[in-house]
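The values are calculated or read from the model by the stated rules, or taken from the named source; none is laboratory data. It should be emphasised that the depicted structure is a prediction, and the values quoted were computed from it without experimental measurement. Because the Cβ atoms are built from the backbone with ideal geometry, glycine has one as well, and the counts that use them run over all protein chains shown.
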Ligand SMILES: Cc1ncc(COP(=O)(O)O)c(C=O)c1O
């Protein structure tokens, strides 16, 4: 599918230190198609004005362009109302909003707040600190040896009837996709409010609210799905959002400000204080258009074939440890690897010399890395514009890594 | 191609056979250095005393750690250079190394030629800008350790 697609991403034609860019750090941020960049620059060059403010024509145009993206996001997610779509700075900001506003209003001493072992710091630390402040219990659902949520531990935590469950749709370290719909159905019966971190999920598969079961909140960032940095979305159930207090205070989120008290604007503006990143919201709209033009199903099928291909080869490399399931089902093309005796940073520098850009580090998942007993891993993550040739380059370089790092025999 | 072809024999050797490895019981100060981004860790034991003229010096230093080859080679090379040095000399060495790694002027080659001074082999790490902090970690930890020992 992708020789044509690659032309849409000018950066993919770059040659760095004599080698064609082989960008395999898509889980950190995806590249941006020209259409998205053009939409942003066109906004600044032709339509720029602040939104929800002026009565003049240009401001109305900017506001219409901005608000039309809200409609696009609503359709993209299959949400009921635009009142449920809140623009934020990104996944991290979306989750902090919920932890602070919903968590602040609903968690009491002794309540249970639950997360899983595979959460990104963005979906771990806000809940951990909320629990600490409220003297609530913080529970972590553990994993099986195959990197998936341990059903026995799910039952254990379910039995505690947590007030909140925060769970990722797709792990940025192991590539595991979680069965969110069935989790949500079971936890809802225990009275739990469920937040889904879709930062990675949104980049790899179709995400429709109704397919995820009775969830309450969903968070994602534009920059991992071909959009710009600086903007993300929080989707929340309208009835809950109505009850929640505002997160930040200031312009746009108020209806009336008196000397001693104020009243809040209606949804979704109640949660959008200050001037938003208007151009990036426009860019998010263009990213959705771009993805929909290519079709989520085609993207998913292509990525699945890359996953199958890479997994089949990786498991054959002696001395290589794959920190993720070898079963290609319910997983995305995100591969964290470790090679015995080779530090992840050395491995990443070696791959960089081979022209392959991967991430080395803890991937903002200390609680998981700590359990693994590894300070860092190397992670290669693919997108639909990556090719099978790039996959083979990675596999070949990894296969040769042990001989590159071979120690002198005494 | 292998590691030695790129980084040179000196770095490979210090990584594979670290010098002054271990803990020093009864030392003046143990300083921990940690890079939260990549997980590199060093723990440096410093034993300070005074020489015959009464000025303070580092009588003995050992270290242990866990990290990438560049951080570990840097710690080993540093440990060989600093034994018995006065506090003033140490401050000079730390600053000079920092300047070499972060200063803008020279770009060094890898693998480094053997210049008789192992530390020159580290200068080539400048070719990999994101790795400079790996090479610096043992040195910034030493600096913190000396300051802390002094504050006592
Ligand atoms: C699973 C997951 N959650 C949350 C985040 C945080 O996203 P952002 O940094 O865009 O707020 C990331 C990004 O790395 C992620 O992979």
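Has the stretch A:100-107 got any residue that is in the same structural domain as residue A:243 (by TED's automatic domain parsing), without any contact (Cβ under 8 Å) to a residue 60 or more places away in the chain and more than 20 Å from residue A:267 (Cα to Cα)? So far as the stretch A:100-107 goes, yes, one or more of its residues are in the same structural domain as residue A:243 (by TED's automatic domain parsing), without any contact (Cβ under 8 Å) to a residue 60 or more places away in the chain and more than 20 Å from residue A:267 (Cα to Cα).
Of all residues in the stretch A:366-410, those satisfying the criterion of being part of a loop (DSSP other than H, G, I, E, B), in contact with a strand residue (DSSP E or B) (Cβ under 8 Å, 6 or more places away or on another chain) and within 14 Å of chain B (Cβ to nearest Cβ) are A:374, A:375, A:376, A:405. Of all residues in the stretch B:113-124, none satisfies being outside any helix (DSSP H, G or I) and modelled with pLDDT of 95 or more. Is it the case, given these coordinates, that residue B:43 is surrounded by fewer than 22 Cβ atoms within 10 Å (Cβ to Cβ) and within 16 Å of residue B:14 (Cβ to Cβ)? No; evaluated as a whole, the condition is false for this residue.
Can you find a residue that is within 14 Å of another protein chain (Cβ to nearest Cβ) and within 13 Å of the ligand (Cβ to nearest atom) anywhere in the stretch A:124-143? Checking the stretch A:124-143: at least one residue is within 14 Å of another protein chain (Cβ to nearest Cβ) and within 13 Å of the ligand (Cβ to nearest atom). Here residue A:155 meets each of (1) away from the ligand (no atom under 16 Å from the Cβ); (2) touching a residue at least 24 places away in the same chain (Cβ under 8 Å) with one exception, condition (2).
Can residue A:66 be described as within 16 Å of the ligand (Cβ to nearest atom), modelled with pLDDT of 95 or more, within 26 Å of residue A:216 (Cβ to Cβ) and touching a helix residue (DSSP H, G or I) at 6+ places or on another chain (Cβ under 9 Å)? Judged against the criteria, residue A:66 is not a match. Scanning the stretch A:264-272 for residues that are closer than 30 Å to residue A:340 by Cα, over 20 Å from the mean Cα position of the chain (by Cα) and at pLDDT 95 or above turns up nothing. Check the stretch A:84-95 and report whether any residue there is part of a loop (DSSP other than H, G, I, E, B) and either in contact (Cβ under 8 Å) with a residue 40 or more places away in the chain or buried (at least 17 other Cβ atoms within 10 Å of the Cβ) (or both). Taking every residue of the stretch A:84-95 in turn, at least one turns out to be part of a loop (DSSP other than H, G, I, E, B) and either in contact (Cβ under 8 Å) with a residue 40 or more places away in the chain or buried (at least 17 other Cβ atoms within 10 Å of the Cβ) (or both). Checked against (1) surrounded by fewer than 19 Cβ atoms within 10 Å (Cβ to Cβ); (2) farther than 30 Å from residue A:353 by Cα, residue B:96 meets all criteria but (2).
Across the stretch A:82-92, a minimum of one residue is classified as within 27 Å of residue A:344 (Cα to Cα) and within 12 Å of the ligand (Cβ to nearest atom). The criterion of at least 2 residues that are within 12 Å of the ligand (Cβ to nearest atom) and more than 14 Å from chain B (Cβ to nearest Cβ) is met, among strands (runs of 3 or more DSSP E) falling completely within the stretch A:195-288, by A:217-221, A:232-236. Quick one: would you say residue A:116 is within 24 Å of residue A:239 (Cβ to Cβ) and within 16 Å of the ligand (Cβ to nearest atom)? Taking the combined requirement at face value, the residue does not satisfy it.
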